[in-house]
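The structure under discussion appears below in the form of C-alpha cells.
The values are calculated or read from the model by the stated rules, or taken from the named source; none is laboratory data. Because the structure is a prediction, the values reported are computed rather than measured. Cβ sites come from the backbone with ideal geometry, for glycine too, and all protein chains shown count toward neighbours.
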Amino acid sequence: MEIGIVGKPNVGKSTLFSAITLANAEIAAYPFTTIDANRGVAYVQAKCPHLELDLTCNPKNSKCVNGTRYVPIKAIDVAGLVPDAHKGKGLGNKFLDDLRQAEALIHIIDASGGTDLEGNPVDKGSHDPLEDVKFLEHELTHWIKGIIFKDWHRVSRQIELNGKKLERILAENLSGLGINETHVTMALRNIDLSDKPSKWSEDELLEIADKIRIHSKPIIIAANKCDIAPPENIAKLKELKDYIVIPTCAEAELALRRASNAELIDYELGSETFEIVDDGKLNEKQLEGLKKIKHIIESNHGTGIQQLVEHAVFKLLNLIIIYPVEDEHKLTDHDGNVLPDVYLMPRGSNAKDLAFKVHTDLGNKFIRAIDARTKRVIGADHELQDNDIIKIISNV
C-alpha cells in the first residue's frame, strides 16, 4: 500500500517525509524544492504475537524490535500543489499523476499560518490554514472530474445505448487512479441523478467527482509547525468535520530520528520524551537543540508524526494486521521461520481475501483455513480479526 504526502509548497512535506522514512529528501524554505517525487518506506507499529506465545519470531517482510512489530508501508512525497494545479499550473500535472496509486493522502498544512496559498512565506498567523483544506479538495476533485468525464458525451451515450453498468464504466475509466467499482458505487449511493447520464449537468458531474475523491483518496490532516502555531489555528483545524487532524512538528521528529539512528539518544517512535545516551558526544549547540525539542514534545505529547502515520493506516483506511503461517502448530513457514510475514488487510476481509493477498493461486484454489490460535477450521467467508494468525489450505 502507498500513502501520498501532499500540500502546498513550503509547509514541511519533505521534512515530514524524511522523518518517517529517514530518506534524504531535499529540504529548503522555498517553493518547489521537491520536483521529482521522493519515495520511501515508513512503518506502523503493532505488538508482536511472539510475546504472548512465548516464541522467538523470524520476520521476513517486516521487523520486530523488543516485541514491537514494524510493518512497512510505502510513502511518496510529491511536488507542492498550487491553485489551478489541475489545469497544469506550477507542477500540477506531475503532482497529480504521482498520486495515482496512493490509497490515502496525508495533507500537510502550515498550522502557523506563515505561508500563503502559493507557498510563499508571510507573517505568522496572517494566512488562514482552513483555506488550504478547501483548496486541496478543490484541486483533487477537478482533477478526477477531468479524467472521468473526458469525452463524457460519447461515453454517456454508450452507457444509454448498450445498457452497460454505469459504475463499471466509470471504474474502468478511473482504474489508473487506483479507483475501483466499490469506490464509485459508494460515491453514487446518495446522489439523486437522472437515468440518462448524457443529461447530467456540470454541477452533478462535479458532485460525482467529489464523492469519488472522498471514498477513493481519503485525507488525514497534519497540522504541522504546531510548536509555533497560534492555538486558535490548531483549534479551528481540529473542529473540521469529517477529518482526522493531528498536530505535528516534523522538524523535531526528523532531528530525533536522526539522533536516534546515530545512537546519540534513546528514542522510541511516538514517545513523548527521549534520553541522551552520552552527552559527551554532543556539542553545546546540539545539547541546546535537544533541550528545546524535549520541551516541544513534552508540551505537545510527542511530535505527532508516528501517530499521524498510524491513524492514516488504522483509522482512516481501517486496516488490520494479519499473520499468515504454513504450520498452525509451530506458526512457521516452510523454511521454519516463526511468524515470518504480516499483512495489512481492510477490516471486514475474510479468509479467502487473505489467500488472494498472499498469492493469487492460493485464492483461486482455496479450500479452507485454520485459526492458528484456536486450531478451529474456518471457511472462505470467515471474517478476520486484528492480529489473527491464519493458515491457508489450498490445492496449490
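Structure above, values below:
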| item | result |
| --- | --- |
| Test: residue in segment 179-193 that is hydroxyl-bearing (Ser, Thr, Tyr) and within 24 Å of residue 102 (Cβ to Cβ) | yes |
| Wholly enclosed helices (runs of 4 or more DSSP H) of segment 75-193 bearing at least 1 residues modelled with pLDDT of 80 or more | 130-148, 152-162, 166-174, 181-188 |
| Condition check for residue 270: surrounded by fewer than 21 Cβ atoms within 10 Å (Cβ to Cβ) and either hydrophobic (A, V, I, L, M, F, W, C) or on the phi > 0 side of the Ramachandran plot (or both) | yes |
| Any hit, segment 140-160, residues being under 30 Å from residue 300 (Cβ atoms) and not acidic (Asp, Glu) | yes |
| Lone qualifier among 290, 316, 282 - being buried (at least 17 other Cβ atoms within 10 Å of the Cβ) and either among the charged types (D, E, K, R) or closer than 30 Å to residue 2 by Cα (or both) | 316 |
| Qualifying residues in segment 365-396 (those that are under 24 Å from the mean Cα position of the chain (by Cα) and either assigned to a strand (DSSP E or B) or not aliphatic (A, V, I, L, M) (or both)) - the one surrounded by the most Cβ atoms within 10 Å (Cβ to Cβ) | 388 |
| Considering residues of segment 313-364 that are aliphatic (A, V, I, L, M) and in a helix (DSSP H, G or I) only, the residue farthest from the chain's Cα centre (by Cα) | 362 |
| Residue 29 at pLDDT below 90, crowded, with 18+ Cβ neighbours inside 10 Å, in the same structural domain as residue 84 (by TED's automatic domain parsing) and among the small types (Gly, Ala, Ser) | no |
| Residue in segment 207-223 that is of a type in the set (D, E, K, R) and without any contact (Cβ under 8 Å) to a residue 40 or more places away in the chain present | yes |
| Evaluation of residue 362 against (1) touching a Ser or Thr at 6+ places or on another chain (Cβ under 9 Å); (2) modelled with pLDDT under 95 (one fails), failing number | (2) |
| Output for segment 265-287, where each listed residue is in contact with a strand residue (DSSP E or B) (Cβ under 9 Å, 6 or more places away or on another chain) and either more than 23 Å from residue 309 (Cβ to Cβ) or outside any loop (DSSP other than H, G, I, E, B) (or both) | 265, 266, 275, 276, 277, 282, 287 |
| Residue in segment 128-146 that is among the β-branched types (Val, Ile, Thr), touching a helix residue (DSSP H, G or I) at 6+ places or on another chain (Cβ under 6 Å) and either outside the structural domain of residue 250 (by TED's automatic domain parsing) or surrounded by 16 or more Cβ atoms within 10 Å (Cβ to Cβ) (or both) present | yes |
| Among the residues listed as 228, 297, 246, the single one being among the aliphatic types (A, V, I, L, M) and surrounded by fewer than 17 Cβ atoms within 10 Å (Cβ to Cβ) | 228 |
| Filter result for the condition that a residue is within 18 Å of residue 54 (Cα to Cα) and polar (S, T, N, Q), over 395, 387, 350 | 387 |
| Subset of segment 214-246 [basic (Lys, Arg) and in contact with a strand residue (DSSP E or B) (Cβ under 9 Å, 6 or more places away or on another chain)] | 217, 225, 238 |
